[in-house]
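Only the coordinates and a few stated rules stand behind these numbers; no lab work does. The shown structure was predicted, so the numbers you read here are calculated from the model rather than taken from an experiment. All Cβ positions, even for glycine, are placed from backbone atoms using ideal geometry, and neighbour counts span all protein chains on display.
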Amino acid sequence: MSRVKEMLLKVHPIASKTDKTVFESWFDWFAYHGLTSVVQDLDGNLLSICMARPVSSLEDAVSNHYTVDREGSFVYVDFAWCRHEKAWPMIFDDFKKKIGIREWIGFCRSQKHGHLRKYKMSQFMERFYGRR
């Protein structure tokens, strides 16, 4: 996981503005709870990293980075990075195995503006990944 943390520290928009120890403990919390997905190519190069969690309220997820509700009807994506677009379906499939399909998916597209986006998960899957 240290390679993943190193890459995350490079590509996450908040990482350079946050104490490294705090940021790493946040990542470790996600990894411990099985809420992190990593895709690598056959040579072991990182293709994507995603951190997401099931929650009962997207608004609560935005304000509390440690809120989890395994039965919640939302998935909140805290962070997603992808080097190659073909890795997105692999990340999504991994999360379907880990936390299942939920009714809604949400995320804040920009840290600067922080606007919460919310989509029906079925429509999001169709639109973003094609029919699966």
Using a Förster distance of 25 angstrom, determine the FRET efficiency expected from the C-beta separation of residue 83 and residue 56, and round it to 0.05. 0.20
Non-local amide H neighbours of residue 47 (under 5 Å, H modeled in plane, Pro and chain starts lacking H): which ones? 39, 40, 41
FRET efficiency for residue 41 and residue 127 from the Cβ-Cβ distance with R0 = 30 Å, rounded to 0.05, comes out at 0.70
Note: residue 118 to residue 94 extended length (0.36 nm per residue) minus current alpha-carbon separation gives 6.6 nm
Pop out the ³J(HN,Hα) list for the stretch 23-38 in order, Karplus 6.51 cos²θ - 1.76 cosθ + 1.60 with θ = phi - 60°, rounded to Hz; leave Gly and Pro as x. 4, 5, 5, 4, 4, 4, 4, 4, 4, 4, 8, x, 10, 10, 10, 10
May I ask you to list the aspartates and glutamates whose Cα is less than 13 Å away from that of residue 10, ignoring any residue fewer than eight positions away on the same chain? 24
Per DSSP H run of n ≥ 4, the term is -39500 (n - 2.57); total these for the chain, divide by its residue number, and report the mean residue ellipticity at 222 nm rounded to 500 deg cm²/dmol. -11000 deg cm²/dmol
Label assignment, Kirkwood radius over Cα pairs in Å derived from the structure, set [x] 15.2; [y] 16.8; [z] 14.8: [x]
The long-range amide H neighbours of residue 36, using H built 1.01 Å from N in the peptide plane and a cut-off of under 5 Å, are none
How about the stretch 29-122: which GluC sites (Glu not before Pro) there lie in a loop by DSSP and see at most 16 other Cβ atoms within 10 Å? 71, 103
Stretched out fully, how many nm does the piece from residue 63 to residue 103 gain, at 0.36 nm a residue minus the Cα gap? 12.3 nm
